Amino acid sequence: MTRPTISIRGVDVFEAYLSPPEQQALVEDLRAVIRQAPLFSPVTPGGRRMSVRMTSAGRYGWVSDRSGYRYASHHPDGDAWPPIPERVLAVWRDLVSPERAPDCCLVNWYDEGARMGLHQDRDEADFGWPVLSLSLGDEGLFRIGNTTRGGKTESIWLRSGDVLRMGGEVRLVYHGIDRVKPGSSTLLPRGGRINLTLRVVD
Ligand code: MD6
Ligand code: FE
């Protein structure tokens, strides 16, 4: 069993879990995903365009528009989502379980200036499985709050190759990305940050 290198408020972090060659190979896998399922900027139910661009792989993808946040079996363009890359599934098998594969791999792409407000991951029908997240490229400042809105928060920088696991008691804590540090990684030729979140949906 691989053990977390840090645990902060019950959120497990596996620092430098992915080696630089593994990170590079993952980026290539993701380029293929994005060719099949192009990145788009979701609009929140409140009508704001998110600064992060997204797409998904798997049986379901996460989408948002004026009618709400939800999982959908097709990309907004109408095509089915591509399969989750095998290299990504291998990380899930090691750090979550070989018994059940995730249904969704959400791909979040941050350009300079993109951020993600505090939110809970609660669009899934099943909260029994952890959410696993892989970070690639520039460092992102990840803020961890509480299971209800408000209260004290703590932040950590997620670096390229870090993997984070949020399960059990902390599956529903509020979290977000305050900012990305430009130029902090050489993985992506034009910079930016990629985050993958893996989830069991139903
Ligand atoms: C991000 N991550 O790191 C956004 N959600 O860009 C998430 O929203 C997230 O990292 C649930 C569990 C882990 C995460
Ligand atoms: Fe999240």
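The values are calculated or read from the model by the stated rules, or taken from the named source; none is laboratory data. For clarity, every value in this text was computed on a predicted model and none was experimentally measured. Counting neighbours? That spans all protein chains shown, and the Cβs are built from the backbone with ideal geometry, glycine included.
Of note:
- Failed item in (1) loosely packed, with under 15 Cβ neighbours inside 10 Å; (2) more than 14 Å from ligand 1 (Cβ to nearest atom), with His119 passing the rest: (2)
- The set of residues in the stretch 58-95 that are buried (at least 20 other Cβ atoms within 10 Å of the Cβ) and closer than 21 Å to Gly167 by Cα comprises Gly58, Tyr60, Gly61, Trp62, Tyr71, Ile84, Val88, Val91, Trp92, Leu95.
- Leu198 vs. criteria touching a helix residue (DSSP H, G or I) at 6+ places or on another chain (Cβ under 6 Å), under 29 Å from His75 (Cβ atoms) and within 13 Å of ligand 2 (Cβ to nearest atom): yes
- The lone exception for Ser7 - which of (1) surrounded by 14 or more Cβ atoms within 10 Å (Cβ to Cβ); (2) within 22 Å of Ile177 (Cα to Cα); (3) among the polar types (S, T, N, Q); (4) over 15 Å from the mean Cα position of the chain (by Cα) it fails: (1)
- The one condition in (1) modelled with pLDDT under 95; (2) within 12 Å of ligand 1 (Cβ to nearest atom) that Glu112 fails to fulfil: (2)
- When Gly183, Gly151 are checked against the criterion of being more than 10 Å from ligand 2 (Cβ to nearest atom) and without any contact (Cβ under 8 Å) to a residue 24 or more places away in the chain, Gly151 stands alone in meeting it.
- Single condition Tyr60 does not satisfy, out of (1) more than 16 Å from ligand 2 (Cβ to nearest atom); (2) in contact with an Asp or Glu (Cβ under 6 Å, 6 or more places away or on another chain): (1)
The rows are residues; the columns are (1) more than 24 Å from His75 (Cβ to Cβ); (2) hydrophobic (A, V, I, L, M, F, W, C); (3) touching a helix residue (DSSP H, G or I) at 6+ places or on another chain (Cβ under 8 Å); (4) assigned to a strand (DSSP E or B).
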site: Thr2; (1), (2), (3), (4): yes, no, yes, no
site: Glu22; (1), (2), (3), (4): yes, no, yes, no
site: Glu28; (1), (2), (3), (4): no, no, no, no
site: Ala32; (1), (2), (3), (4): no, yes, no, no
site: Gly46; (1), (2), (3), (4): no, no, no, no
site: Ala57; (1), (2), (3), (4): no, yes, yes, yes
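- Test: residue in the stretch 140-160 that is within 25 Å of Pro45 (Cα to Cα), within 9 Å of ligand 1 (Cβ to nearest atom) and surrounded by fewer than 21 Cβ atoms within 10 Å (Cβ to Cβ): no
- Within the stretch 75-86, one or more residues are part of a helix (DSSP H, G or I), of a type outside the set (Gly, Ala, Ser) and modelled with pLDDT of 95 or more.
- Top-ranked residue in the stretch 10-43 [being of a type in the set (Ser, Thr, Tyr) and either in contact with a Pro (Cβ under 9 Å, 6 or more places away or on another chain) or touching a residue at least 24 places away in the same chain (Cβ under 8 Å) (or both); ranked as surrounded by the fewest Cβ atoms within 10 Å (Cβ to Cβ)]: Ser19
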